[in-house]
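Heads up, the thing below is written out as structure tokens.
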Amino acid sequence: MKIKMIIILTGLAFLTNHVFAQDINLPALKLQYDFPAQKWESEALPIGNGFIGAMLFGGVPADRIQVNEHSLWSGGPGANANYNGGHLRTAKQNHQTLQDLRNALQDKMIFFSDNDAAYVDATGKVVAKNYTLENEQLKNYINSLVGDRTNFGSYQSLGNINIAYTSSPVNSDSIFYTNYLRVLDIENAVSTLNYTMENVNYKREYFVSYPDNVIVVRLTADKPGKISRIFFLTTPQTKTNISATNNVITMEGQPADQRADGLKFAQQVKIIPSGGNLTVEDAKIVVENADEILLISSAATNYVQCIDDTFNYFSTTDPLTVVQATLSRAAQKTYEQLLTGHIADYKNLYNRMSLSISGAANSSNKTTDQLLDGYIKNTNTSAENRYLEQLYYQFGRYLLIASSRENSLPANLQGIWADGLTPPWSADYHTNINIQMNYWLAQQTNLSECHRPVIRYIKSLVSRGRYTANHYYSKQNGDPVRGWTINHENNIWGNTAPGNYYWGFYFPAAAAWMCQDIWEYFQFNQDRAFLEEYYPIMLDAALFWVDNLWQDSRDGTLVANPSYSPEHGPYSLGASSDQAIITELFDMVIKAYEVLHPEKMDVSPEIEEIITAKSLLAGPQIGLGGQFMEWKDELQMDITGDNGHRHANHLFWLHPGSQIIPGRSPQEDLFANAMRNTLNTRGDQATGWSKAWKLNFWARLQDGNRAHKLLEELLKGSTLKNLFDTHPPFQIDGNFGATAGMTEMLVQSQGGYIELFPALPDKWNSGQFKGIKARGNFELSANWTNGRFNRLEILSLSGKKCTLKYPDIGNYKLTQSGGGTVAATLTGDNILSFETTPGITYTLIK
Ligand code: FUC
């Protein structure tokens, strides 16, 4: 593109020395209900600090606080000392089967292109067939490559803190309290419960503090001596010991399958009344006639995340010792001190980013379930709908802060919340979309610290992942592969082997995909030391693929073999999803190498190999039917959309990958069009996470109204009363993916430049945001009216060159904080670039 002109502008200090967007005036964001929760999944409210999670029911005569500890898992080496991450058979046997399978698949593909290739008939109609179903021989090979799920284990509930009236207030059928209100204030991460009974106003406050690692509950009343309660623990765990002494209840135990030296857990609950009488009855604590009661609880296990090849997952420190120390430190603080510490910590993360859509308001103070109901039935005002969208947006950030903090395990399929001993899919780490989606929002919405747990988790998989690479995979000529990989379902015990069922067990592209978190972390933070530390992990994931790729004899391109389009199949060569993920990984590693070796002209031999392999990879294709192809050959079910199958992983090239960006080149525009066709045949109806992904796809396809429609679909059909996303069942990825997608509607930066408002829907005609992060380590704040921004501030945090894309951007005035001139280059009508200095805010004004 031709450089049209160079503009030099003088900074106007008075316009730029304040950050207007910090003054965003938001309606209070809270979830609220006028009834106590009955259902864990859809009505209870989540609080957490990454280590401890709790679901609050808010019952009046009997309250239940269901508690999770992030590392409470069954299975693993605690269940079987020889646990090896799910690997079966010898490497030699697996390699032989793999080669047989690969050759059989190559034959299948040759047969298909010779006999069944799609064509346009004389009437102009596309005639396409499907790959024939796997024959018995193929099936046998596939079934002989599965892994072992024995002792995979499951994330489990620790139990419940119960708070009950010492005697039933009145007979349970009559309404004995009024003014009931249960609130989750997501601006402070504090939940409250208020009700009135016999002319006394009662209040309970609940939060989980990250700095003190405790659950805190305070019970108060507006008249003295009115609180009489009994406190006790219950648990679905079967190997436990619960006791009470003085004012502390203690639970120690192990998941049922653990050996004595396996996983152990401990929890304590300390009851601190003001006034009244405290007595211990068995394992219960009874408080009578108190003015106020403070409850503090902490929990821990002896789990240690293993990030080397010792595969030692247990600390020698007794978890009860840890809990006792935590509790005695916290108990020295007053409630106010605990609360102040908690809120300061939470707000330090939460307040970095805000979004305000003009007119959003909950003017008639509807409860959250009423708002959701009104959204579904179309009886809300538009102000209420925008309020709910804004609440739902920030709820995603709230959930990430509550379930993923420095040194915690990453957010699992349900974040950190799980009831009972057998949550859906073990509440594990699925890697063919789910855990990745959990972290899409982390960097963009300015929660970088919350991203760290998944990065550390990736590191924890590498040692066993090397074993997996060696045990199950080989070069085309049968030689061993380098590097590491993982498969579809992962736990906290280094399960990296393939799964144990035919469809979808096989997903070695998972490690490559997870490496995207490393590269994204770097791109958003520009932290070179971080990249140096993690680069070898990315490099080794790439070398695995350099070695594991197969040359398709039909056209000489390099393909994944076997390749199974996630959960859709069938087994073939070079399904588009695999090719996209491998391409993205190679691209990331080459770019990372360039960052780390800016001075070198020659690249290392390994990078040379990656560059060569990348150039030979089978790439994206458009079918005769106009669709973006899911498989290497054009299949009939690709053209029809296959009844709207929920997985559209082949659009990875567009999102979360960065290989196809509309508006960047004519070829990419063609691909983008084909993707629109694909999404249209797939339709908008799907499971929760699938809608959230489609929201991101449409945002990247720069169709704001369609992206907004997917947001509506999510809220209308895939959101529970407590705003949890439902697959069904409850699965948190949809919450996280939705917040990410809404951010993508406002700002995108995956293409080497920052694209402003690429997918603004008509319903978000005006508004403001503060603190959205863009790659290159820029922090953006803006306000807009009638679909165009009036003012944009860009804080440069690393001094990188800033390139902005926006229609007619040359019509805006560019200034910088502290005054002085900004030398900027305008390319065409819509691309503006300028060098930046760290710490300086650059402002564009209409
Ligand atoms: C993926 C999805 C399923 C489900 C599971 C937990 O495998 O395909 O729909 O969400 O994860």
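At an R0 of 56 angstrom, the distance between the Cβ atoms of Val120 and Asn378 translates into a FRET efficiency of 0.80.
With a cut-off of 15 Å on the backbone N, the residues of region 293-322 near the modelled label site 7 Å out from Leu278 along Cα-Cβ are 293-298. Against the chain, whose longest principal axis is taken from its Cα atoms, helix 448-472 shows a tilt of about 60°.
The GluC sites (Glu not before Pro) of region 195-288 that DSSP puts in a loop, and whose beta carbon has at most 16 other beta carbons within 10 Å, are Glu198.
Could you state, as a whole-number percent, how many of the C-alpha pairs of region 696-846 are farther apart than 18 Å? In whole percent, the share of Cα-Cα pairs in region 696-846 beyond 18 Å is 60.
Listed values for region 126-133 are Karplus-derived 3J(HN,Hα) couplings in whole Hz (6.51 cos²θ - 1.76 cosθ + 1.60, θ = phi - 60°), namely 7, 10, 9, 10, 9, 4, 5, 4, and x replaces Gly and Pro.
Rg and Dmax over the alpha-carbon atoms of region 502-655 stand at 16.4, 52 Å.
Does region 47-139 come out rounded, prolate or oblate by the C-alpha gyration tensor, with a ≥ b ≥ c the root eigenvalues, rounded set by a/c under 1.5 and, if not, prolate when a/b is larger than b/c and oblate if not? Judged from the Cα gyration tensor, region 47-139 comes out oblate (a/c at least 1.5, b/c at or above a/b).
Please give the FRET efficiency for Ser243 paired with Val595, using the beta carbon to beta carbon distance and R0 = 56 Å, rounded to the nearest 0.05. Efficiency computed from Cβ-Cβ geometry: 0.50. A straight chain from Val603 to Asn705 at 0.36 nm per residue would run longer than the Cα-Cα distance by 32.2 nm. Taking region 48-78 and a reference point 7 angstrom along Cα→Cβ of Ala260, the backbone N atoms nearer than 19 Å belong to 77-78. With +1 assigned to the C-beta of every Lys and Arg and -1 to the C-beta of every Asp and Glu, and no other charges, what is the dipole magnitude of the chain about the Cα centre in debye, to the nearest 20? Using Cβ point charges on Lys, Arg, Asp and Glu, the chain gives about 1320 debye. Residue separation of Leu421 and Asn351 scaled by 0.36 nm, minus their Cα-Cα distance, works out to 21.7 nm of gained length. The modelled label-to-label distance between Lys129 and Ser315, using points 7 Å beyond Cα along the C-beta direction, is 6.1 nm.
Computed on the Cα trace of the chain, the radius of gyration divided by the Kirkwood hydrodynamic radius gives Rg/Rh = 0.98.
Ligands, DNA and RNA aside, Trp425 has an accessible area near 110 Å² when probed at 1.4 Å. Within region 598-652, the GluC sites (Glu not before Pro) that combine a DSSP coil assignment with at most 16 other C-beta atoms in a 10 angstrom radius are Glu599. Each Lys or Arg adds one and each Asp or Glu subtracts one; over the other residues with Cβ under 13 Å from the Cβ of Tyr429, this totals -3. Qualifying trypsin sites (Lys or Arg not before Pro) in region 101-187, where qualification requires a DSSP coil assignment and no more than 11 other C-beta atoms within 10 Å, comprise Lys125. Legend: distances between Cα atoms for Lys30/Lys721; Lys270/Lys333; Lys347/Lys694; Lys377/Lys709; Lys366/Lys773; Lys691/Lys770; pairs beyond 23 Å are Lys347/Lys694; Lys366/Lys773; Lys691/Lys770.
Label zone (Thr785, point 7 Å along Cα-to-C-beta; backbone nitrogen cut-off 18 Å) within region 358-397: 358-360. Rounded to the nearest 10 degrees, the inclination of helix 335-350 to the longest alpha-carbon principal axis of the chain is 10 degrees. Here the accessible area is traced with a 1.4 Å probe on the protein chains. For the chain, carbon and sulfur cover 49 percent of it. Measuring nothing but how far apart in sequence close Cα pairs (under 8 Å, 6+ apart) lie, relative to its length, the chain scores a relative contact order of 15 percent.
Using only the alpha-carbon atoms, how far is helix 319-331 inclined from the longest principal axis of the chain? Give it as 0 to 90 degrees, nearest 10. Around 60 degrees separate the two axes. On the basis of the beta-carbon distance and an R0 of 60 Å, Asn477 and Ala823 show a calculated FRET efficiency of 0.60.
Based on DSSP, what percent of beta bridges with both residues in the chain are antiparallel, to the nearest 5? So the antiparallel bridges in the chain amount to around 95 percent. One chain, two ends: Leu26 and Thr90. Fully extended at 0.36 nm per residue, the span grows by 17.0 nm beyond their Cα-Cα distance.
The values are calculated or read from the model by the stated rules, or taken from the named source; none is laboratory data. Everything quoted here is computed from the prediction, not taken from an experiment. Positions of Cβ are generated from backbone atoms using ideal geometry, with glycine treated the same way; all protein chains shown enter the neighbour counts. These accessible areas exclude ligands, DNA and RNA; they are computed on the full protein's heavy atoms, side chains included. Shrake-Rupley method; radii C 1.70, N 1.55, O 1.52, S 1.80 Å.
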